[in-house]
1. Inside the stretch 178-228, can you point out the residues that are in a helix (DSSP H, G or I), closer than 24 Å to Ala67 by Cα and open to solvent by less than 40 Å² (accessible area, probe 1.4 Å)?
2. Looking at the stretch 153-170, is at least one residue open to solvent by 30 Å² or more (accessible area, probe 1.4 Å), within 17 Å of the chain's Cα centre (by Cα) and either of a type in the set (Lys, Arg) or within 16 Å of Ile116 (Cβ to Cβ) (or both)?
3. Would you mind stating whether Ala173 is surrounded by fewer than 17 Cβ atoms within 10 Å (Cβ to Cβ), under 18 Å from the mean Cα position of the chain (by Cα) and of a type in the set (Gly, Ala, Ser)?
4. For the stretch 84-135, which residues satisfy the criterion of being open to solvent by less than 10 Å² (accessible area, probe 1.4 Å) and over 17 Å from Arg147 (Cα atoms)?
5. Search the stretch 137-152 for residues being more than 26 Å from Tyr168 (Cα to Cα) and touching a helix residue (DSSP H, G or I) at 6+ places or on another chain (Cβ under 9 Å), and hand back the single one that is least open to solvent (accessible area, probe 1.4 Å).
6. For the stretch 229-244, what are the residues that are within 17 Å of Ala186 (Cβ to Cβ), of a type outside the set (Gly, Ala, Ser) and either open to solvent by less than 10 Å² (accessible area, probe 1.4 Å) or part of a loop (DSSP other than H, G, I, E, B) (or both)?
7. Out of all the residues in the stretch 245-260, which are over 23 Å from Glu192 (Cα atoms), open to solvent by less than 60 Å² (accessible area, probe 1.4 Å) and at pLDDT 95 or above?
8. Since Gln167 meets every condition but one in (1) at pLDDT below 95; (2) within 24 Å of Leu213 (Cβ to Cβ); (3) in a helix (DSSP H, G or I), which condition does it not meet?
Amino acid sequence: PDHNPSLPFAACHLCGCVAAPLGASRPCHTAGESWREPLSLVNLRKRNVESGEEEQASRLDHYRAKATRHIFLIRHSQYHMEGCLEKDRTLTPLGREQAELTGLRLASLGLKFSKIIHSSMTRAVETTDIISKHLPGVSRVSTDLLREGAPIEPDPPVSHWKPEAVQYYEDGARIEAAFRNYIHRADAKQEEDSYEIFICHANVIRYIVCRALQFPPEGWLRLSLNNGSITHLVIRPDGRVALRTLGDTGFMPPNKITRS
């Protein structure tokens with residue numbers, strides 16, 4: 001598509017092409033084309049005129065991903081919403097039960113999880129504490145990038161949730177940074193498929209899912225996630241992204257399911 005020449009261009013983080021204007025809310029690619037070819041990583045000016053295509057193919061292989069990344073996005077468990085300060089919004093007794101059930105479910109999958117990355121907010125930290133008990137030996141890292149916030153103004157708008165416009169600018173940039181930092185193809189040096197857990201918040205997860213699937217990110221609020229739910233994204237070596245599950249809580253008894 002044509003781009004406004006007044007906007008500065010930036011290399012698209014999906015494939016590296018110079019096609020996405022800074023501030024654009026959507027990636028530059030059509031469905032099925034994202035994150036696929038590492039051609040932009042190769043300096044074609046260095047091609048040997050004699051070897052030609054063979055040298056280019058060899059250098060492309062050096063940058064091409066080989067492994068699949070499995071991303072498990074976990075929403076925190078139910079918490080005390082009435083807390084005045086963020087540190088007071090701790091898990092409820094039911095929330096702690098939910099985290100136990102989520103931890104058991106993840107452990108039952110028999111996967112070799114490499115790490116847990118979690119939001120630094122209290123409810124996410126406490127959820128991580130409980131889930132980690134079921135995944136001994138899996139390292140954990142806290143980050144402010146995954147904290148809850150307002151990612152982008154929803155379309156269509158809703159009447160029950162209207163944060164200040166400045167919040168979209170502050171939170172939106174941070175949550176977009178989280179997406180760009182964590183959702184990408186495997187590194188070319190990665191030989192085996194990986195399984196990673198991210199424990200964070202409903203708004204963050206919904207936005208990431210929309211961005212990863214190249215859906216309009218403004219539609220994030222149309223999705224709904226239960227507490228302690230599991231969302232599973234798969235990123236193939238060729239850049240194709242699939243959504244295996246969205247907000248799964250089928251492993252919880254009906255009386256333990258909440259969406260607060």
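The values are calculated or read from the model by the stated rules, or taken from the named source; none is laboratory data. Everything numeric here is computed off the predicted structure, so don't read it as measured data. Note that each Cβ is placed from the backbone with ideal geometry, even for glycine, and that neighbours are counted across all protein chains shown. SASA here: full protein model, heavy atoms, side chains in, ligands and nucleic acids out. Shrake-Rupley method; radii C 1.70, N 1.55, O 1.52, S 1.80 Å.
1. Applying the first criterion (in a helix (DSSP H, G or I)) to the stretch 178-228 yields 178-182, 202-212, 217-222.
After this cut, where a residue has to be closer than 24 Å to Ala67 by Cα as well, the list is 178-182, 205, 208-212.
Across the stretch 178-228, the qualifying residues are Ala178, Phe179, Tyr182, Ile205, Ile208, Val209, Cys210, Arg211, Ala212.
2. Scanning the stretch 153-170, I find no residue that is open to solvent by 30 Å² or more (accessible area, probe 1.4 Å), within 17 Å of the chain's Cα centre (by Cα) and either of a type in the set (Lys, Arg) or within 16 Å of Ile116 (Cβ to Cβ) (or both), so the answer is no.
3. Numbers: surrounded by fewer than 17 Cβ atoms within 10 Å (Cβ to Cβ): yes; under 18 Å from the mean Cα position of the chain (by Cα): yes; of a type in the set (Gly, Ala, Ser): yes.
Judged against the criteria, Ala173 is a match.
4. Result: Gly95, Gln98, Ala99, Thr102, Gly103, Leu106, Ile130, Ile131.
5. First, pick out the residues of the stretch 137-152 that are more than 26 Å from Tyr168 (Cα to Cα): 137-140.
Okay, now just the ones that are also touching a helix residue (DSSP H, G or I) at 6+ places or on another chain (Cβ under 9 Å), so 138, 140.
Working: Val138: 28, Arg140: 94 Å².
Among those that are more than 26 Å from Tyr168 (Cα to Cα) and touching a helix residue (DSSP H, G or I) at 6+ places or on another chain (Cβ under 9 Å), it is Val138.
6. The first filter runs over the stretch 229-244 and keeps only residues within 17 Å of Ala186 (Cβ to Cβ), leaving 232-242, 244.
Then drop every residue that is not of a type outside the set (Gly, Ala, Ser), which leaves 232-238, 240-241, 244.
Passing the criteria: Leu233, Val234, Ile235, Arg236, Pro237, Asp238, Arg240.
7. Our first condition is that a residue be over 23 Å from Glu192 (Cα atoms); within the stretch 245-260, this holds for 246-260.
Add one more test, that the residue is open to solvent by less than 60 Å² (accessible area, probe 1.4 Å), and what stays is 247-249, 251-253, 256, 258, 260.
If the condition is that a residue be over 23 Å from Glu192 (Cα atoms), open to solvent by less than 60 Å² (accessible area, probe 1.4 Å) and at pLDDT 95 or above, then Gly247, Asp248, Thr249, Phe251, Met252, Pro253, Lys256, Thr258 are the ones that fit.
8. Of everything listed in (1) at pLDDT below 95; (2) within 24 Å of Leu213 (Cβ to Cβ); (3) in a helix (DSSP H, G or I), Gln167 misses just condition (2).
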